[in-house]
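Report on the following structure.
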Amino acid sequence: LTGCGTNKNEFDIGNKSDIEIVEKGVSLSVKEDTLTKVGATLILKNDSDVEVEYGEPYEIEIKKDGEWHKINVELNFNLPAYILKSNTTKEIELEWQNGYGKLASGDYRIIKGINVEKEDGTFEIFYVSAEFTIE
C-alpha cells in the first residue's frame, strides 16, 4: 500500500480569489504584536451607523505573483451569529494551525464575511480582510 499526504507547511494553492473586499464602514486588522505562524488576534471595527453580524468562519489567502489565491484546506466552524453594534470594536483570537498549519514566509490575508440587514429585512453579505506578512 502506498499513501499520499501533504506536509502541514505546504499548501495546495487554488484558483485566483474571486472575493471582492468592500469595507462599508467595517474594517479588519491584525492586532499589533499578536501575529505568529499559527495564529493572531484580529480587530473587527464597526465605524458604520448600523449594527452588523459576523460569524466564526474565515479563510486565509496567499499572494502569489501579485494576485490573491485561495488555499485549498478543509475547515470546520461553529455557526453562531455575533452582533457588532455601531461604533464598536471586537477582538477575535484565531488559531489556524489545525486547518492551515504553520504559515510559511509570504503575504497573506484573512477574510471574514459580514452581514448587514437591509430595509426589507433581508441580509446583504460583504467581505473585509486583514493583510499580513509572515517573515
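Taking the Cα of Thr89, stepping 7 Å toward and past its beta carbon, and measuring to each backbone N in the range 34-71: which are under 13 Å?
42-47
Using a 1.4 Å probe over the heavy atoms of the protein chains, calculate the carbon and sulfur portion of the accessible area of the chain as a whole percent.
Summing carbon and sulfur atoms, their accessible area is 43 percent of the total for the chain.
Between Glu23 and Asn98, what's the calculated FRET efficiency when r is the beta-carbon distance and R0 is 35 Å? Round to 0.05.
0.75
Sort 40-53, 77-90 by the packing proxy (mean of other Cβ within 10 Å over each peptide's residues), most packed first.
40-53, 77-90
What number, in nm² with one decimal, is the all-direction average of the projected area of the convex hull of the alpha-carbon atoms of the chain?
Numbers: hull surface 39.6 nm².
With every direction weighted equally, the projected area is 9.9 nm².
Rolling a 1.4 Å sphere over the protein heavy atoms, what is the accessible area per residue of the chain, to the nearest Å²?
Here the residues of the chain average 64 Å² of exposed surface.
Between Val38 and Phe126, what is the spin-label point distance in nm, taking each point 7 Å from the Cα along the Cα→C-beta axis?
3.6
The values are calculated or read from the model by the stated rules, or taken from the named source; none is laboratory data. A quick note: this is a predicted structure, and the numbers were derived from the prediction, not measured. Reconstructed Cβ throughout: ideal geometry from the backbone, glycine too, with neighbour counts over all protein chains shown. Surface accessibility is based on the protein's heavy atoms, side chains included, excluding ligands, DNA and RNA. Shrake-Rupley method; radii C 1.70, N 1.55, O 1.52, S 1.80 Å.
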